[in-house]
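The values are calculated or read from the model by the stated rules, or taken from the named source; none is laboratory data. All of these numbers come straight from a predicted model, not from anything done at the bench. So basically every Cβ, Gly included, is an ideal-geometry build from the backbone, and we count neighbours across all protein chains shown. Note: areas computed on protein heavy atoms with side chains; ligands, DNA, RNA excluded. Shrake-Rupley method; radii C 1.70, N 1.55, O 1.52, S 1.80 Å.
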Amino acid sequence: MADLTFKPVIGLEIHVQLATKSKLFCSCSTDYIGVAPNTNVCPACLGLPGSLPALNAKAVEYGVKAALALNCTINTATRFHRKNYFYADLPKAYQISQYDLPIAEKGYVDVSTEEGGSYRIGITRLHLEEDAGKLVHEASDGRLVGADQSFVDYNRGGIPLAEIVSEPDIRSAAEAKEYVTRLRQLVRYLGVSDGDMEKGSLRVDANISVKCSDGRWGNRAEIKNLNSLRALERALEYEIKRQSQLLAEGEEITQETRHWDDVEGVTRATRSKEEAHDYRYFPEPDLPPLILPEGYVEKVRNTLPELPWQKMERFMSSYELNETDAMILSEHMALADFYEACVEAGASPLRASNWVRTEVLRVMNEQKIDITEFPVDAAALAQLIAKVDDNKISTTAAREVFDTMAAKKVSLEEAMKICGVEEGGISGSDLEKMIRNILENNTDVVETIKSGQDKKGKKQKFLQGLIMKEARGQTDPREAASLLAKLLEE
Amino acid sequence: MAVSADDIRHVAALARLEITEDEVQAMHQHFEEIMTYFNRLNELDLEGIDAFALKVEENIPWREDRAIDSSVREDVLAEAPHRYEDFFRVPRIVEEE
Amino acid sequence: MKLYELSAAQITRGIHEGKFSASEVFLSCLARAEVLEPQISAMLTITEESGMAQAKAVDEAVASGKKLPPLAGVPFVVKDNMCTKGIPTTCASKMLMQWKPPYNATVIELLAEAGAVLMGKTNLDEFAMGGTTEHSVYGATSNPWKLDCVPGGSSGGSAASVSAGYVPFSLGSDTGGSIRQPAAFCGIYGFKPTYGLVSRRGLAAFASSLDQIGPFARTVEDLALVLNAISQKDELDSTCSCRPRPDYTKALNAESLKGRRVGVIKEIQEYAIDPEVRKAFDQTLKFCERQGAEIVEITLPTMVEYGLPCYYILALAEASSNLARFDGVRYGLSTDAESLLDLYTKTRAQGFGLEVKRRILVGTYVLSSGYYDAYYLVAQKARQLIKQEFVKAFGSVDTILLPTAPSPAFKKGELINDPIQMYMADIFTLPVNLAGLPALSLNAGFSADGRPLGVQFIGQWWDEEGLLSTASLHEKTFGCAPIAQGGVR
């Protein structure tokens, strides 16, 4: 029997928390991070008798915005359904969701690979629904209170979610990761979600099956609890291997829900329920149909920002950046804005690109801050870059000034003062005096050079280094080099 | 469509209602009668009728995205049948999903 | 005349003119209730303290010469499925016996703004499921005209308390006839408004697409006054209409029914209707003719034949979902349990009564996988068909007259174990809910043994004014609804 090969077929369901101020169907705040349990609650999101849903217009707008960026068709006449099931985190015992008529469907997104290629992933649908509350198994101080109890916090219950379902177009764990990265970038660009997987604002479930080269298809498994990109990638790799092995051994694959155990690095079948799910969907009678007014979709389309891939293309064509640099700079909208502000303030596009990618990102990393809180503004950076370009200060000095501006949050002028950097620096007779001094203190090196033994020019470079060090970078290295050469001739 | 005792047990499970065997038996006949009665609807000619016409005049109202504190928190927690600190307490749930 | 015998309009006028105080009215109503409650059992909670405080506030407003709101100092009661902040709201269920809502239903807020004084909460069939007010965990309510009879339901307590003169008006909820049928059984006016006229927020839902709150009263003017107060748009009820509401008291000045076309449904002519009810219906029809109305025969075949199964499938499907929230986690009854599943099944088994359980199971069944298309979907289509038939009928008539129920109030216990027969009592009321139409039930005399006989006028969508106008002419001719003595002389 020839060697069998296995092809994974993966589709992802992604829940994105929309960044509205209030919940999907009530006016409770959505800001629940660090808030005491059951603070953002009201009769509606607690499912008290008599309470009714009232739809948040912003959630609709955000949903449509995300769908447009995903090239979806918007359904202008839709409705909400009730999805009925009992669980402690679901206050009404039904979730208001969209079912047969999602607000958007039939879209796609192009994802670029690390190798520079690109592939298209189909979007089946995007629909709006409310989030569930949160189950907690320990008290606020971390204590586990009794092994036989759980606790419910409804702060999250009712927060708007956009569920984005992909076609089963994904062929590997790496592709899945790229796709999620792309979606996360997109929702952040659009400002419709913070897309933070750790906080749970972006949650991924994966459907995966494998197809054997002999034509056999395995059943699909749904994997839950993928709360980081790494978990997603590892879980899929594990699952591909597991399913392929089973198929290779001629086994059937059980259609089931599996849970990713990040510690053990395995997926496990969840305990099967005592009965199959029967959600008894029916149209939500408390809500009339959702009809988008004429012109609404166009209005939302007009609010779409330049999308990351469009921005990248433009950076390449307008600023002549290479693909890698353009990608890095366009990854986050705020970073791209910073870069462009820098260019607009007069910095050359290439120089600005170098500075932002190396120095700015480094400082962001070191200080663990976002570009929006960056202590050096783009105009100041542009000025600094201009000084280097005009040979007014050296690159080394500029770096020192930049670090000082970032660390001490001071202006360019103040930073230069602190670093003792002056425009122009040491040159002419001052520089000559300094070099003579250095040569006198290093007569042995000078002798070696003069005797013609410095064939590779190493010794001369050593002297040049001493000069630059002595000048603390405040001299034009080209002037220093030619002066040094001249003085060595003497 | 005949209704079986198993059907009744099944819907009771779906509806999360504990039901005794006596109740299943007692409910059975009632269920049969009701369903037989309901089946009369099949006599109607419903060809071409849209069950869920989406009409513009019944459009959903839009709520402005503004966070408002309902200030019911204390009252609600005070009514909780099982409360622990600021949580609603339930029997231990082993996470399955 | 005793103060409790006055209409809401008379009370506000009297208070305004200084003839008596709101406190005196409240005490008079309270005393009336105290005398009759042992026989009638209409009330689940009497809010003596908070009501007295509200009444005193009205008196202070009078003393300081402030402008009085339209229902200033008028005592009222509400069905106990409407949320009242800090006041028990039980839905007559063991499930909510201890529950005090943290908020007021919108109608409660609106009536408070209008100056009305809440005197208490009234008995009902558990979660409004029933037509007799016998399915209450607190026991049955009696018909004030005949104590061994039911007051109708599910808003039986609200109907009985107005009929017996506790208060001039009350609120009920009508899902399939729960205002009109008890109004007919108790001999008073009951008004079910167009779906979407009155906010449902704070009404514990039975069937969301059918439920509507409306008033009981003994005069048509009071109906109009209460309707004025409670029919406002509500941004917290998405199904509540934004259309402007007229001043309903303006509809009470009609001189005749000239130019009005009154429809009579052909299909009910052969229907088994109690002879005395039929007589009351015929007399009301004659009255319309005498007033100059044109009588037109119309046909509504689906409504009579298929309205009942259509209604029950949809109402119970929605109910099964609406009542799923009672799970012992956040409020209400909760049993001790080993697991979450245990908590759910035990709490719900203990908390719900038999009729509610029956309905939840049937409702779950018609939505469940494999049966949805055969029942729920078919019923939704039938509902559209019934609506279409009404649209067509209203092409040739302005209002439709028919009996409110096929019979007058029946004996307690008579139908309690025969759900289908009990459901049949709603046959003339529930099509109105399926179509979302307004309808008004009024007293059209008494049976030989002293039971009230009711008929109802169904109006076109949003034509509350037409119904009030017709009823006010009827009232001018036959008088307003009399107060029952509840077995007490």
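When residues in region C:428-457 are screened for being buried (at least 24 other Cβ atoms within 10 Å of the Cβ) and part of a strand (DSSP E or B), 12 of them pass. Under the condition of being on the phi > 0 side of the Ramachandran plot, small (Gly, Ala, Ser) and facing chain C (nearest Cβ under 7 Å), the residues counted in region B:1-52 number 0. Residue selection: residue A:122 fails the criterion of being under 26 Å from the mean Cα position of the chain (by Cα) and crowded, with 22+ Cβ neighbours inside 10 Å. crowded, with 24+ Cβ neighbours inside 10 Å, under 25 Å from residue A:285 (Cα atoms) and more than 9 Å from chain A (Cβ to nearest Cβ): is that true of residue C:359 in this structure? Yes; evaluated as a whole, the condition is true for this residue. Among the candidates A:97, A:112, the residue that is at pLDDT below 95 and of a type in the set (S, T, N, Q) is uniquely A:112.
Scanning region C:377-426 for residues that are in a loop (DSSP other than H, G, I, E, B) and surrounded by fewer than 19 Cβ atoms within 10 Å (Cβ to Cβ) gives C:395, C:396, C:406, C:413, C:414, C:416, C:417, C:418. When we screen A:77, A:59, A:66, A:44 for residues that are touching a residue at least 24 places away in the same chain (Cβ under 8 Å), surrounded by 22 or more Cβ atoms within 10 Å (Cβ to Cβ) and over 26 Å from the mean Cα position of the chain (by Cα), the only hit is A:44.
Within region C:68-92, the residues that satisfy the criterion of being crowded, with 21+ Cβ neighbours inside 10 Å, within 14 Å of chain B (Cβ to nearest Cβ) and not in a strand (DSSP E or B) are C:83, C:89, C:90.
Scanning region A:153-184 for residues that are in a loop (DSSP other than H, G, I, E, B) and of a type in the set (Ser, Thr, Tyr) gives A:154, A:172. Can we say residue A:34 is more than 13 Å from chain B (Cβ to nearest Cβ) and either in contact (Cβ under 8 Å) with a residue 60 or more places away in the chain or acidic (Asp, Glu) (or both)? Against the criterion (more than 13 Å from chain B (Cβ to nearest Cβ) and either in contact (Cβ under 8 Å) with a residue 60 or more places away in the chain or acidic (Asp, Glu) (or both)), residue A:34 does not qualify. Just one of the listed residues (B:73, B:83) is farther than 30 Å from residue C:422 by Cβ, among the basic types (Lys, Arg) and more than 7 Å from every other protein chain (Cβ to nearest Cβ), and it is B:83. Considering (1) open to solvent by 60 Å² or more (accessible area, probe 1.4 Å); (2) at pLDDT 90 or above; (3) touching a helix residue (DSSP H, G or I) at 6+ places or on another chain (Cβ under 7 Å); (4) not small (Gly, Ala, Ser), say which one residue A:216 fails and leave the rest. Residue A:216 satisfies all of (1) open to solvent by 60 Å² or more (accessible area, probe 1.4 Å); (2) at pLDDT 90 or above; (3) touching a helix residue (DSSP H, G or I) at 6+ places or on another chain (Cβ under 7 Å); (4) not small (Gly, Ala, Ser) except (2).
Rundown of residues vs (1) of a type in the set (A, V, I, L, M); (2) surrounded by fewer than 19 Cβ atoms within 10 Å (Cβ to Cβ); (3) over 21 Å from the mean Cα position of the chain (by Cα), yes/no style:
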{"site": "A:269", "(1), (2), (3)": "yes, yes, yes"}
{"site": "A:279", "(1), (2), (3)": "no, yes, yes"}
{"site": "A:299", "(1), (2), (3)": "no, yes, yes"}
{"site": "A:315", "(1), (2), (3)": "no, no, no"}
{"site": "A:318", "(1), (2), (3)": "no, yes, yes"}
{"site": "A:350", "(1), (2), (3)": "yes, yes, yes"}
{"site": "A:356", "(1), (2), (3)": "yes, no, no"}
{"site": "A:361", "(1), (2), (3)": "yes, yes, no"}
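Contact map, region C:352-364: residues that are closer than 18 Å to residue C:138 by Cβ paired with residues that are at pLDDT below 95 and hydroxyl-bearing (Ser, Thr, Tyr), Cβ distance under 8 Å, separation 6+ or inter-chain. No pairs are found. Return the residues of region C:333-347 that are farther than 18 Å from residue A:89 by Cβ, out of contact with any strand residue (DSSP E or B) (no Cβ under 9 Å at 6 or more places or on another chain) and within 7 Å of another protein chain (Cβ to nearest Cβ); say none if nothing qualifies. Passing the criteria: C:345, C:346. Within the set C:420, C:400, C:416, the sole residue that is in contact (Cβ under 8 Å) with a residue 24 or more places away in the chain, within 14 Å of chain B (Cβ to nearest Cβ) and under 29 Å from residue C:159 (Cβ atoms) turns out to be C:416.
Restricting region C:255-282 to residues that are of a type in the set (A, V, I, L, M, F, W, C) and either open to solvent by 50 Å² or more (accessible area, probe 1.4 Å) or not in a loop (DSSP other than H, G, I, E, B) (or both), the residue that is nearest to residue C:456 (Cα to Cα) is C:281.
Filtering region C:116-145 to residues that are assigned to a strand (DSSP E or B) and open to solvent by 10 Å² or more (accessible area, probe 1.4 Å) leaves only C:118.
Would you check which residues across region C:97-115 are of a type in the set (S, T, N, Q) and surrounded by 23 or more Cβ atoms within 10 Å (Cβ to Cβ) and list them?
Once the filter is applied, which keeps residues that are of a type in the set (S, T, N, Q) and surrounded by 23 or more Cβ atoms within 10 Å (Cβ to Cβ), region C:97-115 yields only C:106.
Screening residue A:94 on (1) in contact with a helix residue (DSSP H, G or I) (Cβ under 6 Å, 6 or more places away or on another chain); (2) more than 30 Å from residue B:92 (Cβ to Cβ) shows it passes everything except condition (2). Of all residues in region A:17-41, exactly one satisfies the criterion of being charged (D, E, K, R), open to solvent by 30 Å² or more (accessible area, probe 1.4 Å) and closer than 17 Å to residue A:128 by Cα, namely A:21.
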